[in-house]
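The values are calculated or read from the model by the stated rules, or taken from the named source; none is laboratory data. Worth saying up front: this structure is predicted, and the values here are computed from it rather than measured. All Cβ positions, even for glycine, are placed from backbone atoms using ideal geometry, and neighbour counts span all protein chains on display. Calculation scope for accessible area: heavy atoms of the full protein, side chains included, ligands and nucleic acids excluded. Shrake-Rupley method; radii C 1.70, N 1.55, O 1.52, S 1.80 Å.
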Amino acid sequence: MEAPREEHTETIRRIRTIIRTNQLTAGERIGTERAIAQRLNVTRSTLRSALDAMERNHEIVRLIGRAGGIVVSDGKIVRNIDTIESLPDIARRQGFTLDTTVLSATLTTCGPSDARHLGLQMGDPIYRMSRLRRLDGTPLSLEQSTLPAALFPDLLTYPDFGISLYGTLNTRYDVDVSDAEETLETFEASDEHAALLDIPTGSPVVRIRRDASDTQGRIVEHAVDLFAASRIRFTLKATGYVRLSAAG
């Protein structure tokens with residue numbers, strides 16, 4: 001049941017007051033739904049209605065995982081690198097509209113790098129695709145993926161493969177991506193990347209290299225994603241402390 005308009009508006013005002021009073025900045029956590037509802041003495045349904053509106057305005061985002069909760073936003077999309085979640089799902093949950101343009105998609109054969117990352121032999125068939133993602137109409141990322149063609153026959157014939165690749169692997173081939181090894185680094189955008197991402201040449205770009213595996217341990221994707229650094233924020237939760245061994 002939707003909260004009365006006055007209660008909805010008042011709840012939003014009080015959440016904004018918490019943000020302002022505590023001088024919370026983008027990326028900082030306001031709290032969990034339960035904690036905020038108890039603090040404001042409102043029902044969870046009333047709170048969720050207010051949060052829905054604030055998320056649509058990109059004032060807050062709701063993060064999942066052990067470090068999840070309600071987080072102050074500055075309009076950047078937030079990706080938690082502790083979890084595996086598709087970009088369309090992340091955008092949808094955070095109130096953004098994500099559009100995808102498939103720049104290229106071909107069936108070809110793998111070279112040394114693809115063979116190494118995908119655990120294939122030189123010359124084995126692979127799909128190679130490149131996609132441009134736009135967030136609320138603004139270019140966000142360039143995604144280049146290679147996949148073993150033997151695992152996914154006729155992949156390129158499905159009209160939805162470019163919109164949600166992992167979703168297509170799940171619905172069409174009953175394959176769930178369950179694990180990924182990722183490497184993040186930054187560099188300056190080239191003329192080509194800058195033109196596609198609509199940023200000045202030399203602007204910071206975040207590059208993520210990813211090898212993704214399914215529940216059977218098979219490597220199903222090698223990807224290189226390029227994000228306009230000014231339009232995304234990454235979060236993670238680190239636990240434990242790794243002590244370097246002095247042993248030779």
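Report ³J(HN,Hα) in whole Hz for each residue of segment 190-202, in order, from the Karplus equation J = 6.51 cos²θ - 1.76 cosθ + 1.60 where θ = phi - 60°; Gly and Pro get x.
Listing the rounded values in order: 6, 4, 5, 5, 4, 5, 5, 8, 6, 10, x, 4, x Hz.
Whole-Hz Karplus ³J(HN,Hα) for segment 88-104, in order, using 6.51 cos²θ - 1.76 cosθ + 1.60 and θ = phi - 60°, x for Gly and Pro?
Rounded to whole hertz, the list is x, 5, 4, 4, 4, 5, 9, x, 9, 9, 10, 10, 10, 10, 7, 7, 7.
Once amide H atoms are built 1.01 Å from N in the peptide plane, which residues 5 or more positions from residue 138, or in another chain, come under 5 Å H to H?
none
Run the dipole for the chain about the Cα centre, Lys and Arg Cβ at +1, Asp and Glu Cβ at -1, nothing else charged, and hand back the magnitude in debye, nearest 20.
Values: 31 positive and 34 negative charges, 217 e Å.
Once rounded to the nearest 20, the dipole reads 1040 debye.
For n ≥ 4 DSSP H runs only, could you compute -39500 (n - 2.57) per run for the chain, divide by its residues and tell me the 222 nm figure to the nearest 500?
So the helix-based figure for the chain works out to -8000 deg cm²/dmol.
Just by accessible area at a 1.4 angstrom probe, what is the order of 158, 127 from largest to smallest? Let's see the in-between values first.
Values: 158 60, 127 15 Å².
From most accessible down to least: 158, 127.
Could you run the Karplus curve 6.51 cos²θ - 1.76 cosθ + 1.60 with θ = phi - 60° over segment 12-26 and give me ³J(HN,Hα) per residue in whole Hz, x for Gly and Pro?
So the Karplus estimates, Gly and Pro as x, are 4, 4, 6, 5, 4, 5, 4, 4, 5, 5, 8, 6, 6, 10, 3 Hz.
If N is the number of residues in the chain, what value comes out of its Cα radius of gyration divided by 2.2 N^0.38 Å?
Numbers: Rg = 20.9 Å, N = 248, 2.2 N^0.38 = 17.9 Å.
Cα-based Rg divided by the globular estimate yields 1.17.
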